[in-house]
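To start, the structure under review is shown below, and the notes come after it.
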There are 2 protein chains.
Amino acid sequence: MSHVKDGAAGIASLSRIGGEGKIPTKAIAVAPPSIGNVAVGFDVLGHSVQGAGDRVTVRRTTDGRVTIKAIRGIAEQLPLDAESNTAGRALLGLLPHAPPRTGFEVELDKGIALGSGMGGSAASAVAAVVAANALLPRPVGLSTLYELSMEGEAAASGSKHGDNVGPMLLGGLVIAPAKGAPVRVPVPDWLHVALVHPHVVLETRRSRAALKGAYELHDFVVQSEGLALLMAGCFTSDALLIRRGFRDVLVEPRRAPLIPQFAKVKQAALDCGALGSSISGGGPSVFAWFEDRTTTERAAREMTLAFKEAGIESDSLVSPVAGPKAEVISCDA
Amino acid sequence: MSHVKDGAAGIASLSRIGGEGKIPTKAIAVAPPSIGNVAVGFDVLGHSVQGAGDRVTVRRTTDGRVTIKAIRGIAEQLPLDAESNTAGRALLGLLPHAPPRTGFEVELDKGIALGSGMGGSAASAVAAVVAANALLPRPVGLSTLYELSMEGEAAASGSKHGDNVGPMLLGGLVIAPAKGAPVRVPVPDWLHVALVHPHVVLETRRSRAALKGAYELHDFVVQSEGLALLMAGCFTSDALLIRRGFRDVLVEPRRAPLIPQFAKVKQAALDCGALGSSISGGGPSVFAWFEDRTTTERAAREMTLAFKEAGIESDSLVSPVAGPKAEVISCDA
């Protein structure tokens, strides 16, 4: 009656594009953007988003080391020291799972802006381990990829949480536990997200600092009720239940003041008929869920205009909530 | 794409056992025991349990009043004043939904011990409104029955929460929102509960007082993760997910000291293979979930023995988690 679920086999076979029995020496993987802290799911629920992600090229070496060879794209100022780099730290964790003397050379092409609240720190770690896993004679399973990716992301964020790496590994909406494999939550295919990224930087550490202090049990109850309703809505494709559950009385009120125009951008989404709207990850990006793609596209424009009213440029993504997962896109022997 | 759900029609037709167009003047309803605060679902998740419940007989009168005529059974010391009685207060709330001058005469047969943590306060309110609703020319819907039952229960508990009345109205495992209709969560039919009631009284008010003070955000994250996993496990009939999610780091640690032998009773359940075990409602009853009925029966005996080690007598119930709902059992015109 108990069903052990582990996507390990799936991830491993996905990683092995090279020929039968032939272990590749180079692999390229991409990881999509994602939305962490999905409203009622602080540090617990996240979902991936279609859009430019991070691309990581990994070459297998025999020097037993992890070397960051290059960082390109929209965030070039990242640390080249492996221990301080999210991809590097994740790969250091993978070495004990590889044959002796295995090393990795890494090139990062950043597609997700850091400090955007779109999982930029997580994506490099995830793409790195997914690529490197394809170079191992015995690829590790989902739980290990998840654990290593979380450790990698912690190099940048200062705390370990899986609500970005989980969705990147599995795709779609995901429960991200502190331990054990992440769990995918089915969502209706009509459910779409508008994700608007204002061109202001809000560091994860600063965003976390806003959450210090004590909390009231009553707020937990309100938030839990929302989480339960949202989960029920997703499992039964019930927009009304999702709408009833989509809230954040716990975290959003403390972080909203850090995001210019937040109230107006959220209101613009609600005015378009959003099932709910809140802060993506630690911010400053703002997201909202809708019942169809056309409305989502209109809302993305309105939300962008609401930022613009205060002179803030932004860009936006429109995606199914059932977004893509990280994948190996090329493998050479 | 949006699906409005309301069990109103179901409840109304259920309440109408009398003939076509004939409005009965007397109805008897029973409400089952229930477990509130299901581990990760403090004030939010509850489920009903097969076992002796509260039986309420309601007669329709024309004096515009609610009169408690008799209280029998295992809790005779309850207030006869309608406003202070859970059934009475709930029925006072129903009067504005009835034709002018409608009144109700009520007899309560208490089957659930008060202060047991098995929903004793809630059951009389639920059975009363379900019975009385069958006597109305235009029965109210589920949301109203739920609201009135919560108000009734608050007469005894001092606070309004729906995690006992919700499951009693719908049956099974239920999300109990502060506003709007409760929502049933499907559970696998193999999922059973052992509920052990020690013969010591713990008043709801005292149990609530133990929860005062501030809470850490981290504990809430752990609890939310559990709630999300438990919900996913119930929706997908996955015992492993239910086991991963079944916990209570928020409320159980504060209330456990009020319940003699709690740690040993819980351990007895876990030793039998429980998916999880915690305090039922405000205590002192302890419950645990299992993957099959036979194990549940054995665990109920072991849990009872663990109370007995400290000289505490107890009785136990074994039931599917998908327990029954309140029902009209007899209706006379």
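The table below lists the values:
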| read-out | value |
| --- | --- |
| Restricting the range A:168-212 to residues that are closer than 24 Å to A:ALA310 by Cβ, of a type in the set (A, V, I, L, M, F, W, C) and under 17 Å from the mean Cα position of the chain (by Cα), the residue that is farthest from the other protein chains (Cβ to nearest Cβ) | A:VAL196 |
| Selected residue [modelled with pLDDT of 95 or more, over 29 Å from A:GLY245 (Cα atoms) and within 14 Å of the chain's Cα centre (by Cα)] from A:THR67, A:THR86, A:THR57 | A:THR86 |
| Strands (runs of 3 or more DSSP E) fully within the range A:187-292 counting 3 or more residues that are surrounded by fewer than 21 Cβ atoms within 10 Å (Cβ to Cβ) | none |
| Filter result for A:LEU211 (out of contact with any Pro (no Cβ under 6 Å at 6 or more places or on another chain), closer than 15 Å to A:ASP43 by Cα and in contact (Cβ under 8 Å) with a residue 24 or more places away in the chain) | yes |
| Residue check, A:ALA29 touching a helix residue (DSSP H, G or I) at 6+ places or on another chain (Cβ under 9 Å) and either buried (at least 24 other Cβ atoms within 10 Å of the Cβ) or modelled with pLDDT under 90 (or both) | yes |
| Subset tally (residues that are modelled with pLDDT under 95 and of a type in the set (A, V, I, L, M)) for the range A:154-191 | 3 |
| Flag for B:ALA268 being in contact with a helix residue (DSSP H, G or I) (Cβ under 9 Å, 6 or more places away or on another chain), more than 14 Å from chain A (Cβ to nearest Cβ) and at pLDDT 95 or above | yes |
| Residues satisfying the stated conditions in the range A:83-111, i.e. more than 17 Å from A:SER121 (Cβ to Cβ) and part of a helix (DSSP H, G or I) | A:LEU94, A:LEU95, A:PRO96, A:HIS97 |
| Options B:ALA256, B:ALA232, B:ALA228; residue that is among the hydrophobic types (A, V, I, L, M, F, W, C) and more than 24 Å from A:ALA232 (Cβ to Cβ) | B:ALA256 |
| Sole exception among (1) more than 9 Å from chain B (Cβ to nearest Cβ); (2) of a type in the set (Val, Ile, Thr); (3) within 22 Å of A:SER277 (Cβ to Cβ) for A:VAL165, by number | (3) |
| Flag for A:GLY158 being surrounded by fewer than 21 Cβ atoms within 10 Å (Cβ to Cβ), in the same structural domain as A:LEU114 (by TED's automatic domain parsing), in contact (Cβ under 8 Å) with a residue 12 or more places away in the chain and touching a strand residue (DSSP E or B) at 6+ places or on another chain (Cβ under 8 Å) | no |
| Some residue of the range B:139-155 being within 14 Å of chain A (Cβ to nearest Cβ), of a type outside the set (Val, Ile, Thr) and surrounded by 24 or more Cβ atoms within 10 Å (Cβ to Cβ) | yes |
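Rundown of residues vs (1) surrounded by fewer than 16 Cβ atoms within 10 Å (Cβ to Cβ); (2) among the aliphatic types (A, V, I, L, M), yes/no style:
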| site | (1), (2) |
| --- | --- |
| B:ALA52 | no, yes |
| B:ARG55 | no, no |
| B:ASP63 | yes, no |
| B:GLN77 | yes, no |
| B:GLU83 | yes, no |
| B:ARG89 | no, no |
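The values are calculated or read from the model by the stated rules, or taken from the named source; none is laboratory data. Predicted, not measured: the structure shown is a model, and the values here were computed from it. Note that each Cβ is placed from the backbone with ideal geometry, even for glycine, and that neighbours are counted across all protein chains shown.
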